[in-house]
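Notes follow once the structure below has been shown.
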Amino acid sequence: MTDLLDWLGTLPSLWLYLVIAAAAFAENLFPPLPADTAVALGAFVAARGSGSAVGAWAATMIGNLGGAVLMYALGRRLGAPWLANRLPSLGGEAAEARVRAQYARHGLWALAVSRFIPAVRAVVPPLAGALGIGLGRAIAAMSLASALWYGLITWFAFTLGANADVLLETIGRSQRVLGGVALVIAIAAGAYFLRRR
């Protein structure tokens, strides 16, 4: 892991942002890809180098929405039944039924909220296309959810990266204190058992 962090840390900010955008884009195409982790790692590295939280967040949004638009277009072209049958990794008919029911009941808010649900998140863009929801409306709903979700991840990881030295120093101090406490407890327990014998 440190090798990966070191390599990412040597990248110029633009290349780091491209790696973050590619991970966020790929999540829409291959849902098991842990894009949240990649985005958090990228924001962490950006904080340790010359990157910015806004840059990491913008790269994430561009990549994520680019992938969502591609999947929307695929859904629009192929339709919901084809998607449910051919892409079971997206949750199949059960996920489709949930998104359809929630959209019928709550409209665009259902699309936005569905982007927060891990098993359903990847189904939202192609189903929005298959359901014939206008591209502008669908992207607005998905953008809201992505902006909030990835904004939180980016802010947290960037803050952690910016304060990593202080955090590691604090952890080191607390480990030394806990080690001392454990040593005292071990000596006291040993003395107690020796005395009982």
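The values are calculated or read from the model by the stated rules, or taken from the named source; none is laboratory data. In this text the structure is predicted, and so the values were computed from the model without any measurement. Methodologically, a virtual Cβ is constructed for each residue, glycine included, from the backbone with ideal geometry; neighbour enumeration extends over all protein chains shown.
Condition test on Ser50, is it hydroxyl-bearing (Ser, Thr, Tyr), part of a helix (DSSP H, G or I) and modelled with pLDDT under 90?
no
Residues that are modelled with pLDDT of 80 or more: find the helices (runs of 4 or more DSSP H) completely inside the stretch 97-197 holding 2 or more of those.
Counting at least 2 such residues, we get 108-114, 124-130, 135-162, 164-196.
Which condition from (1) surrounded by 18 or more Cβ atoms within 10 Å (Cβ to Cβ); (2) more than 18 Å from the chain's Cα centre (by Cα) is the one that Gly79 breaks?
With respect to (1) surrounded by 18 or more Cβ atoms within 10 Å (Cβ to Cβ); (2) more than 18 Å from the chain's Cα centre (by Cα), Gly79 is out only on (1).
Identify all residues within the stretch 9-51 that are among the polar types (S, T, N, Q) and either crowded, with 16+ Cβ neighbours inside 10 Å or in contact (Cβ under 8 Å) with a residue 12 or more places away in the chain (or both); write none if there are none.
Ser13, Asn28, Ser50
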